[in-house]
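The values are calculated or read from the model by the stated rules, or taken from the named source; none is laboratory data. Bear in mind that the values here come from a model prediction, so they are computed numbers and not experimental data. FYI the Cβ positions are ideal-geometry reconstructions off the backbone, even for glycines, and counts take in every protein chain you see. Just the protein is used for accessible areas: all its heavy atoms, side chains included, with ligands, DNA and RNA removed. Shrake-Rupley method; radii C 1.70, N 1.55, O 1.52, S 1.80 Å.
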Amino acid sequence: MKRNRYQVRIRARLLHYSIHILSHLRLLVRWLLLSLVTGAIVGGVGAAFAWGMTLVTSLRTQHPWLLLLLPVSGLAIVGLYRICHFEKDSGTNTVLSTLHAKAEIPARMAPLIFISTMLTHICGGSSGREGAALQIGGSIGNLLGRWFHLQPADKRVLVMCGMSAAFSAVFGTPLAAVFFAMEVGSVGIMYYAALVPCVTASLCADFIAKICRVEQEVYPVIQVPDWAPAPLAAAVLLGLCCAGLSVLFCILLHETGCFLKKKIPNAYIRIAGIAGILVILGSLPNNTDYLGAGMPVLLQALSGQVVWYAFLMKLLFTVLTMAAGFKGGEIVPSFFIGATFGCLYGSLLHLSPSLFAALGMIAVFCGVTNCPVTSLLIAFELFGMDGMPYFLICIAVSYMLSGYYGLYHSQRIVYSKYTPKYINRHTRN
């Protein structure tokens, strides 16, 4: 009798779990289809964006006189945004506000940031590309959510899919792209409901980018010393320094932008005036290294070669470019600043300059984005697992000591960095 009851109970549970799995199987298929469509579309646009960035960078390198047209490109960017009635664009902050259901990404954001980033880079503005890619992906994801008539919560998941796909296609790190989209909006938690869609969209976009033969940067093999107390302690100290450098970067970006808007309210005069200063600075000997994304210098730093003031010059050029109103992103400049500073740091301590350049690159990125998991995954995808202990401790220290500062004021710190406490506050910048 007892055995029969036991068998009935087991069958009932098996039936319950079968129904549970089948009911969610439909949801899985639905999200696979939606994320595949998103990944394919955003991957294609991301590949076109990457190709365009390669083209304009090549043109600027071959024709240095294009730097003289930087004021003209600035005026064109301001005029373009005014024509499209998008003067109050807050860039990636709009995407993050959408994840918090506090804003709606306009469809015109994608073509505007695409064109304006090209205009910035072809004339030598110092900015990145990943921030622009996030805006392109988020805008397309939101647009697809409207076309598919998704509920608001599902539409936000599709925005994260677009962000993952764009980051993956442009930067070539599909694993990090998945977690960046889930991590960057709310520090301290992850939107794991978006895991399957973001993974699918990221892998699909990476596949599209490879089909389109998007050229990704080839990073040099870094020299990793044996795990020992001295280099590990140096990595801890570098994490502290990179936390301070990331806070300085965020404060200067924000305060310089506010100062310029207050002193020069006219956007046309502001961007043309600062562009003129950048033309003068960029025309000086050896200063062309700090124009555009600056990838050649970044790669040199990862090979162990850098001039001592490189991180300061890139900081200056990027702050002026972004505060003036040019478009792009701050992620690649943060890579540049961190890598050149880390290389200098390693050289001064007579340790592996290439390893500490890689550590600095990732630690500053972590400090400005507050995304430690993404930072660690980028390190693994770009540099391998050999330096894992050094990356782990350096990223952890930078994350903790960078406090509540960040590039994006729409980013929320949900849980404290110092105690297991719910705080739910915006980042400072």
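Laid out as a table, the results:
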| quantity | calculated |
| --- | --- |
| Test result for residue 58, part of a helix (DSSP H, G or I) and touching a residue at least 60 places away in the same chain (Cβ under 8 Å) | no |
| Scan of the stretch 190-210 for residues that are in contact with a Lys or Arg (Cβ under 9 Å, 6 or more places away or on another chain) and either at pLDDT 95 or above or open to solvent by 50 Å² or more (accessible area, probe 1.4 Å) (or both), ordered by number | 191 |
| Among the candidates 279, 307, 247, residue that is assigned to a helix (DSSP H, G or I), out of contact with any His (no Cβ under 9 Å at 6 or more places or on another chain) and under 30 Å from residue 348 (Cβ atoms) | 247 |
| Residue identified as in contact with a Pro (Cβ under 9 Å, 6 or more places away or on another chain) and in contact (Cβ under 8 Å) with a residue 60 or more places away in the chain among 197, 225 | 225 |
| Residue satisfying all of: in the stretch 69-106; of a type in the set (D, E, K, R) and within 23 Å of residue 141 (Cβ to Cβ); least open to solvent (accessible area, probe 1.4 Å) among these | 89 |
| Members of the stretch 212-255 found to be open to solvent by 40 Å² or more (accessible area, probe 1.4 Å) and aliphatic (A, V, I, L, M), listed by number | 218, 221, 224, 230, 232, 233, 236, 237, 240, 248, 251, 252 |
| Qualifying residues in the stretch 347-379 (those that are over 13 Å from the mean Cα position of the chain (by Cα) and without any contact (Cβ under 8 Å) to a residue 60 or more places away in the chain) - the one least open to solvent (accessible area, probe 1.4 Å) | 379 |
| Filter pass, residue 420 being open to solvent by 60 Å² or more (accessible area, probe 1.4 Å) and not acidic (Asp, Glu) | yes |
| Any pair with Cβ under 7 angstrom, 6 or more apart, that starts in the stretch 302-324 at a residue that is farther than 20 Å from residue 408 by Cβ and surrounded by fewer than 17 Cβ atoms within 10 Å (Cβ to Cβ) and ends at one that is at pLDDT 95 or above and of a type in the set (A, V, I, L, M, F, W, C) | 308/344 |
